[in-house]
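Working notes, beginning with the structure itself.
Read-outs: derived from the displayed coordinates by stated rules, not from any lab. These figures come from a predicted structure and were not determined experimentally. We place every Cβ from the backbone using ideal geometry, glycine too, and count neighbours over all the protein chains shown.
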Amino acid sequence: MKTMITGVRPTGKITLANYIGGIKKFIEQQKDYNSLIFIADIHGLTTYIDPNEIRNNILDITALYLACGIDLSHTLIFQQSDVLEHCNLGFLMSFQCSVGELSRMTQYKSKKAELSKKDKDMGLFIYPALMAADILLYDASIVPVGADQRQHIEKTRDLGERFNKIYGKTFELPEYQIPKIGSKIMNLQNPSVKMSKSAPKDDKGTIFMLDDIEITKKKIMSACTDSEGKIYFDEDNKPGISNLLSIIAVIDDLSIEDVSKKYKDYTYNDFKTEVADKVIDFILKIQNEFYKYRNNEEYLKKILKDGADKARNLANKKMEEVKKIIGLKL
Ligand code: TRP
């Protein structure tokens, strides 16, 4: 059976876009693969995050994933920092990188510009090497991610391939899997930028999975649209309406064509009401489950520990193989 892996940084609050872009696909396929999902807490530290906040986020994310339908009989869930092999291999993978190529990565360039006084840029710089290690360590074939992570997966393939060329076939080269609809759920207020979990906590254009649903309803009802008054899909000229169509398509598991047809005669207000009702219905179900898990921290910690123990076994085997191949094993 092939392996599927994905990671999520415990920074910011999980948004509807995160759900649509990554979690949903992962859950749907978890039984078809050896599935691993981890909390990329070391990646999270590439920019300063308050220690209490990171602790809280790790537990939130774990509970949220369980609430979304992670099936523990098929999927390992664990913290990256609990499996030190990620760091070991990450360090070695950084030796496969040139300074020039890392400094040209899109994320490095854009995030470097936003660093706070508490940050230096080295963590961001070597981010791709650690991410490559996360994936190569488990010989994963498939990595469900949002569209913004494409370059990182391509770099992972490059680094794995370089290593394989030098030392002989060691790593499986992964493919990214980016959802067709909704890989780019946009900000409701400014549909030319993505809905991002690094948005301010009170951002009116971002739907956070754990927000009070009344707030979510208001955000959807005040989503930016256009003055044409007709509902159809056209990302360039009608980004606001197209974004709402994408959201509803994913939630109802319909194609863009189907939802466009269904809502073509609605007024904007009726359409938004329908989107809001559906989103709220969907989020409420997840929230109910979430609180059951989140109120039981001991259980969450145990799940993460069990996951890490099993992942460490796999990672350790691979790391021993790598050490042997590169000549460190006597
Ligand atoms: N960089 C990813 C993100 O910001 C998180 C991540 C870290 C990841 N390591 C990974 C995703 C390995 C997939 C596989 O969303």
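The figures follow:
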| read-out | value |
| --- | --- |
| Burial ordering of R162, R294, fewest other beta-carbon atoms within 10 Å first | R162, R294 |
| Point-charge dipole on Cβ atoms (K/R +1, D/E -1) for the chain, about Cα centre, debye to 20 | 880 |
| Net +/- balance of residues flanking I215 in space, Cβ distance below 10 Å, scoring K and R +1, D and E -1 | 0 |
| Among beta bridges that DSSP assigns inside the chain, antiparallel share in %, nearest 5 | 10 |
| Residue-wise HN-Hα coupling along the stretch 296-305, computed from phi with Karplus coefficients 6.51, -1.76, 1.60 (Hz; x: Gly, Pro) | 10, 4, 4, 5, 4, 5, 5, 4, 5, 5 |
| Sorted by Cβ density within 10 Å, fewest first, the residues D82, D41 | D82, D41 |
| Whole-number percent relative contact order across the chain, with pairs defined as alpha carbons under 8 Å at least 6 apart | 23 |
| Which listed pairs, of K120/K217; K204/K285; K31/K112; K13/K318; K117/K292; K184/K305, have C-alpha distances above 27 Å, in listed order | K120/K217; K31/K112; K13/K318; K117/K292; K184/K305 |
| ³J(HN,Hα), Karplus 6.51/-1.76/1.60, whole Hz, each residue of the stretch 267-275, x for Gly, Pro | 6, 4, 5, 5, 4, 4, 4, 5, 4 |
| Residue of A140, A249, A311 that the Gaussian network model of the chain assigns the largest fluctuation, springs spanning Cα pairs under 10 Å | A249 |
| Dipole magnitude of the stretch 1-103, debye to nearest 20 (Cβ charges: Lys/Arg +1, Asp/Glu -1, about Cα centre) | 240 |
| Separation between Cα centres of the stretch 87-144 and the stretch 259-318, rounded to whole Å | 27 |
| Relative contact order computed over the stretch 1-150 (Cα-Cα under 8 Å; 6+ residues apart), in percent | 36 |
